[in-house]
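One structure is given below, encoded as structure tokens.
The numbers here are math on the coordinates, done by the rules we state, and not lab data. Just so we're clear, the structure is a prediction, and the values are computed from it rather than from any experiment.
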Amino acid sequence: MLDIRNSFGKRCELIAAEWLLSQGCYVYAPFVEQGPVDLIALSAGNQWFYFDVKKVGRRKDNSIIARKLTPKQLGLGVRLLYVDVDTKRVELHPNQFAIKPFSESDLTTSLLLRSMKHSQD
């Protein structure tokens, strides 16, 4: 029988991969299920990004449960991508599903999106 936690995790990875594709990235997934990276993205600007994808978790008061990267992930430059399975919304940490939508007004987000959207001339 399928473990529901594994099912949610895989769904989140697929939603995140779809979002990265919509940003103009090539997306790669490791063969090994357990590891420091869930998705690898190559931007149009030929920059590599490593992501750990997490299903957004909420407390009873509806606040977001923050996740932490492991020391190995930090050393590799892994970024967190949060996914809301119900809305299919994807957020790049540190936004963690802020009130405003994922947008170019956020400095971290805008730098990542700009690097993803611009190809090398």
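Remarks
- Amide H within-cut-off set for residue 38, under 5 Å, with H built and near neighbours excluded: 51, 52, 53
- Three-way shape call for the stretch 1-76 based on the alpha-carbon gyration tensor, with the a/c threshold at 1.5: prolate
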